[in-house]
Amino acid sequence: MERGVGRLAHAPSQRRLARRGQVHIANEAKDGSAGFDFEGIYTSVEPNKLIEYKMADDREVSVEFSETDNGVLVKETFDAETENDPEMQRAGWQAILDTFAKYVEANRSASAAEN
């Protein structure tokens, strides 16, 4: 199975962020034209460093967090599914990360303004 590497993040709709905790991830384009919904089990959780989980179809995902001079780098490695082109999958997950980065930056700015 081909593995794709992309920088991404997603908003789990349900989660228990602990080893053997359940993850349910749902994401959809704003216009409703595309989306996905899947479940899995966290296999490893190291706060501020690593989150790994196995999806119900046995594909694996690893999310690494690394401190850099510019902030935190989020790197996600995932087993690509076989229905869609791996590059299309990487681009989709990258778009999710880009949206997440905007959210984090906006909330960091708002939090700094409150303090």
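The values are calculated or read from the model by the stated rules, or taken from the named source; none is laboratory data. These numbers were taken from a predicted model, which means no experiment stands behind them. Neighbour counts are summed over all protein chains in view; Cβ atoms, including those assigned to glycine, are modelled from backbone coordinates with ideal geometry.
Basic (Lys, Arg), touching a residue at least 24 places away in the same chain (Cβ under 8 Å) and touching a Ser or Thr at 6+ places or on another chain (Cβ under 9 Å), is that true of LYS75? In short, yes. Applying the condition of being closer than 20 Å to MET55 by Cα and among the aromatic types (Phe, Trp, Tyr) to the stretch 73-115 and asking which residue is modelled with the highest pLDDT yields PHE78. Taken together, SER66, SER44 contain a single residue that is among the small types (Gly, Ala, Ser) and without any contact (Cβ under 8 Å) to a residue 24 or more places away in the chain, which is SER66. Scanning the stretch 12-43 for residues that are more than 18 Å from GLN94 (Cα to Cα) and in a strand (DSSP E or B) yields SER13, GLN14, ARG15, GLN22, VAL23, HIS24, GLU39, GLY40, ILE41, TYR42, THR43. If you go through the stretch 44-87 and pick out every residue that is part of a loop (DSSP other than H, G, I, E, B), surrounded by fewer than 14 Cβ atoms within 10 Å (Cβ to Cβ) and not acidic (Asp, Glu), you end up with 7.
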